[in-house]
1. So the check is Cβ under 6 Å with 6+ separation or different chains; which pairs have a first residue in segment 194-205 that's surrounded by 12 or more Cβ atoms within 10 Å (Cβ to Cβ) and a second one that's assigned to a loop (DSSP other than H, G, I, E, B)?
2. Going by what's in this entry, would residue 228 be described as out of contact with any helix residue (DSSP H, G or I) (no Cβ under 8 Å at 6 or more places or on another chain) and closer than 30 Å to residue 148 by Cβ?
3. Considering segment 59-81 alone, what residues qualify as being assigned to a strand (DSSP E or B) and either touching a helix residue (DSSP H, G or I) at 6+ places or on another chain (Cβ under 9 Å) or on the phi > 0 side of the Ramachandran plot (or both)?
4. Suppose we keep only residues that are at pLDDT 90 or above and surrounded by 17 or more Cβ atoms within 10 Å (Cβ to Cβ) within segment 41-51. Which one would you say is farthest from the chain's Cα centre (by Cα)?
5. Listed residues 291, 287, 358; which is assigned to a strand (DSSP E or B) and closer than 30 Å to residue 24 by Cα?
6. Could you please find all residues in segment 148-162 being surrounded by fewer than 23 Cβ atoms within 10 Å (Cβ to Cβ) and either modelled with pLDDT of 90 or more or on the phi > 0 side of the Ramachandran plot (or both)?
7. Among the residues that make up segment 290-309, is at least one of them surrounded by fewer than 20 Cβ atoms within 10 Å (Cβ to Cβ), modelled with pLDDT of 95 or more, over 30 Å from residue 147 (Cα atoms) and touching a strand residue (DSSP E or B) at 6+ places or on another chain (Cβ under 8 Å)?
């Protein structure tokens with residue numbers, strides 16, 4: 001059972017980091033530069049209801065320069081073709097442009113933790129990854145973060161973030177101050193995430209997580225907000241992963257709320273998600289999950305998504321994915337423009353399939 005826990009944990013970490021490192025430079029003192037990448041092709045009817053094929057590509061670099069035998073300067077950058085990002089490329093005219101997902105630099109203080117700054121790999125990922133296990137689906141929790149910060153296409157990637165992270169025994173800690181930039185229109189933002197690992201012996205392993213964020217808009221003349229009256233954002237979530245043999249069970253609940261200056265009621269999302277990952281063998285993996293999101297007093301979006309996915313690992317670095325999502329939600333209505341509000345680029349009432357081939361390095 002312990003081998004199963006170790007194997008399942010390794011795969012989930014690999015999926016979250018989106019690839020394996022190829023060493024470009026390695027010095028005797030431990031300094032290094034690594035290359036990360038992902039190439040793939042996806043066939044789906046998700047976006048328009050018609051079957052189409054899309055190229056999937058990412059490339060990034062990770063660097064470490066040793067200060068002494070313990071401390072180091074660190075950095076990471078990752079760009080993606082057709083990414084759902086705003087950083088350095090607000091509303092890109094060409095969807096095939098390379099767009100920044102992560103760009104950060106910092107200092108690793110070894111057992112004292114690390115400080116990173118930029119568009120960081122947020123500690124909130126400890127929470128969002130509970131539901132983000134599929135190759136084909138989109139992150140729904142904290143969906144409204146970009147109402148206040150346009151660079152926060154997803155809450156765990158936001159420009160102008162200064163973050164501290166550390167592991168203290170079985171406790172993983174992350175806390176961040178979000179100062180934003182010229183595209184963010186932020187007065188301030190803060191977030192914190194805590195995860196504790198409980199080793200239950202032969203009963204498995206439990207990893208409860210809590211996460212919170214609050215952001216305040218500055219409302220300056222160069223604001224890139226889609227709604228200038230959106231004023232304050234608050235999010236909190238609780239969840240856990242439970243590992244038992246070759247199974248991982250995930251469960252989370254989150255709420256995020258946007259407050260307005262013009263007297264409109266607060267817009268609140270309430271989101272429940274459950275996921276299961278099962279390692280049949282080292283090559284075959286099954287995933288399934290259900291998401292139930294409902295917006296109150298805002299755009300009225302409703303998500304009722306059940307997803308089943310199969311992954312075949314042809315090699316350690318290449319996989320084939322096949323999934324189907326049964327959806328019974330309702331599109332929302334933008335309160336400013338009156339336009340329909342979809343999710344993941346498609347109507348939340350329409351089922352879709354996904355076939356993907358992915359190679360990572």
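1. 196/170; 197/170
2. Yes, satisfied.
3. Passing the criteria: only 72.
4. 44
5. Testing whether each residue is assigned to a strand (DSSP E or B) and closer than 30 Å to residue 24 by Cα leaves just 358.
6. 160, 162, listed by residue number.
7. Yes, because at least one residue in segment 290-309 is surrounded by fewer than 20 Cβ atoms within 10 Å (Cβ to Cβ), modelled with pLDDT of 95 or more, over 30 Å from residue 147 (Cα atoms) and touching a strand residue (DSSP E or B) at 6+ places or on another chain (Cβ under 8 Å).
Here is a yes/no grid of residues against (1) crowded, with 20+ Cβ neighbours inside 10 Å; (2) modelled with pLDDT under 95:
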{"site": "222", "(1), (2)": "no, yes"}
{"site": "232", "(1), (2)": "no, no"}
{"site": "248", "(1), (2)": "yes, no"}
{"site": "253", "(1), (2)": "no, no"}
{"site": "279", "(1), (2)": "no, no"}
{"site": "286", "(1), (2)": "no, no"}
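The values are calculated or read from the model by the stated rules, or taken from the named source; none is laboratory data. Since this is a predicted model, take the numbers as computed values, not measurements. Cβ atoms come from the backbone with ideal geometry, glycine included; neighbour counts cover every protein chain shown.
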